[in-house]
Amino acid sequence: VLPTSRFELSTLDMEKPSSLKQTFRIMGGSFTQLYGTTSITKVLANVPHLEIQDTGAILPSGNLPSNFQYQVISTVPDGDPDHLRTASSDPEAFPEMIKVKYLQIPKENPVLRQMVNTATKGKTNNYDKVEALKDFISTRCKYNLQSPAAPRDRDLVEYFLNESKMGYCDSFGASLVMLCRYAGIPARLVSGFLSGDFKDGAYVVKEKHKHLWAEVFFPKIGWITFDATEGAEDVSDYSALNKKETPG
C-alpha cells in the first residue's frame, strides 16, 4: 500500500471515487518507472523496493526487464461534469500545499491574463472555466508534429498561443496549465501514455503513445485530466515522418 503524497487528495477526502485494478506486462525494452491510472494506492509487484516521489512517480529499485508483470490499484476521482461543476471555486477550499505548488506563475504576463479573462467571461465555476480555456486553445492552435521549438528568449505559452499557433502535446498541455493558473485554478503538467491499441483483449501501448496533458485540481474530488489537443486540427505531415514512432 502506497502512502498518499502531500500533493494528492487522500481517498477518505474524495467524494464518489471508484477503484480500478490494472495489470501490466512489459513486452520489450527496459523501464525505470511503474505506470498506471492516476492516484495509485497499491502496487503488486515482485520488486525489493519502490521509491514514491512527490510528483507521483513510482520508481523500482532497478530496471524492469521484458515480460515483467505487475498490477496497480488506483482510486479514480469522479470526473462527471455535473459533479465537477458543484466543486468549490473558493481559493480557500484548496489545500495550502496545492496552492503553493500548483498556482505558481513564473512571471506575470498581461497577454495571457487578458486571454484568460476573455475566454472565461461569464463562467461561474471552475469546470466550465477549464473547458472554456481548453476550447480556446484547441480552436486557436493546430497540432503539428513538425513544429519548430519556440525561441529560447520567448515565453513558450505566449509564443505558442499568439504567434506560432502550432505545436504538439507539450505546447498544448503547458498552455492549458498556465492559463488555468492565471484563472486561479491549480493545474499541473503530466506525462505518460495514452491507452494504446486494443488487441486480443488487451491494450498494447507503444512509444508512439507517449503523451502530455493537464490535470486540474477540484476540492473534495481530486485531480482530473483535461487534454487540450482534443478537438485541435491535426496538420502534421505524416508522410515526412521516419519509421521512428513519434510521441506527442
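Yes or no: the stretch 67-75 includes at least one residue that is closer than 20 Å to Phe217 by Cα and either of a type in the set (S, T, N, Q) or outside any loop (DSSP other than H, G, I, E, B) (or both). Yes, the conditions are met somewhere in the stretch 67-75.
Pull up the stretch 15-49, narrow it to residues that are hydroxyl-bearing (Ser, Thr, Tyr) and in a loop (DSSP other than H, G, I, E, B), then point me to the one that is farthest from Lys99 (Cα to Cα). Give the derivation first.
The initial filter retains those residues of the stretch 15-49 that are hydroxyl-bearing (Ser, Thr, Tyr), namely 18-19, 23, 30, 32, 35, 37-39, 41.
Next, from what is left, pick out any that are in a loop (DSSP other than H, G, I, E, B): 30, 32, 35, 37-39.
On the way: Ser30: 36, Thr32: 30, Tyr35: 26, Thr37: 23, Thr38: 20, Ser39: 19 Å.
Checking each candidate, the answer is Ser30.
For beta carbons closer than 7 Å, sequence separation of 6+ or different chains, a first residue in the stretch 74-85 that is open to solvent by less than 20 Å² (accessible area, probe 1.4 Å) and a second that is among the basic types (Lys, Arg) and at pLDDT 95 or above, the qualifying pairs are His83/Lys16. Put simply, of Leu12, Leu2 the only residue that is without any contact (Cβ under 8 Å) to a residue 12 or more places away in the chain and either exposed (fewer than 15 other Cβ atoms within 10 Å of the Cβ) or part of a loop (DSSP other than H, G, I, E, B) (or both) is Leu12.
The values are calculated or read from the model by the stated rules, or taken from the named source; none is laboratory data. Since this is a predicted model, take the numbers as computed values, not measurements. Note: ideal-geometry Cβ built from the backbone for every residue, glycine included; neighbour counts use all protein chains shown. Just so you know, the surface numbers come from the protein's heavy atoms only, side chains and all, with ligands and any DNA or RNA stripped out. Shrake-Rupley method; radii C 1.70, N 1.55, O 1.52, S 1.80 Å.
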